[in-house]
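Pasting a structure below so you can have a look.
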Amino acid sequence: MGMASGAYTPTRVRYDLLLQSMVPGTPFDGARLETLLVARGAKALPGGGHAWLLEQGSVEVHPLREGGQWVATELRVPLSDRDTLVREVVSQAAELAKEAEMRLFDPQLGRELSAHDTQVVADQYQRTARYASEMLGLASAMPMPSATENQGFQPTTRWVLTVLGFFFVLYLVVNWMSGQLNGE
């Protein structure tokens, strides 16, 4: 049970968008897209793909391959408590898709996007970031409430305390009744 050499790095949770051929199943022109990305300031990454530098941050751009064939390009938007980057990505990627004669697709929403869909994508992005923060414990996705914020008890904690309180009162009543029956 040995570990492979190199440090383990957990997978970063992100929000993915896809650039695809206009007609599903038709050949994907990745070289044309790559040329347009580089013209927009994308820099090659050592492990493959590109980093697309935008005003609000950077997104990773990677080919999506199925059966060894390049079928789409992924735009990997890191999750954050702010949606400004994903809004910019949708706007810029929609423009890029139009120029490249491709379509921008959101797998989370299951639909094609245009530059006018920034709000609907931002809403889904926020839900995804909130889920990652709450369920997966990824503080980098959404800041967790600080200890100084008074949130009260969680519903499960309230339920457990209510059940414990009920049994404590029941114990006291049974002891009192037992004492009354024994003449104490």
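The values are calculated or read from the model by the stated rules, or taken from the named source; none is laboratory data. All of these numbers come straight from a predicted model, not from anything done at the bench. Virtual Cβ from ideal backbone geometry, glycine too; neighbours counted across all protein chains shown. Accessible surface is based on the protein model in full, side chains and every heavy atom, while ligands, DNA and RNA are left aside. Shrake-Rupley method; radii C 1.70, N 1.55, O 1.52, S 1.80 Å.
Say we look at the stretch 59-110 and pick out the residues that are farther than 12 Å from ASP16 by Cα and of a type in the set (Ser, Thr, Tyr); which of these is surrounded by the fewest Cβ atoms within 10 Å (Cβ to Cβ)?
Once the filter is applied, the top-ranked residue is THR84.
Then there is this: For the stretch 76-109, name all the residues that are within 15 Å of the chain's Cα centre (by Cα) and not in a helix (DSSP H, G or I).
ARG76, VAL77, PRO78, LEU79, SER80, ASP81, ARG82, ASP83, ASP106, PRO107, GLN108, LEU109
Keeping to the stretch 29-47, report how many residues are more than 16 Å from GLN92 (Cα to Cα) and open to solvent by less than 30 Å² (accessible area, probe 1.4 Å).
1
Is there a residue in the stretch 30-48 that is modelled with pLDDT of 90 or more, closer than 30 Å to SER133 by Cα and in contact with a Gly (Cβ under 8 Å, 6 or more places away or on another chain)?
Looking through the stretch 30-48, none of the residues is modelled with pLDDT of 90 or more, closer than 30 Å to SER133 by Cα and in contact with a Gly (Cβ under 8 Å, 6 or more places away or on another chain).
A follow-up question, please. Residues SER146, SER140: which one is exposed (fewer than 10 other Cβ atoms within 10 Å of the Cβ), outside any helix (DSSP H, G or I) and at pLDDT below 75?
SER146
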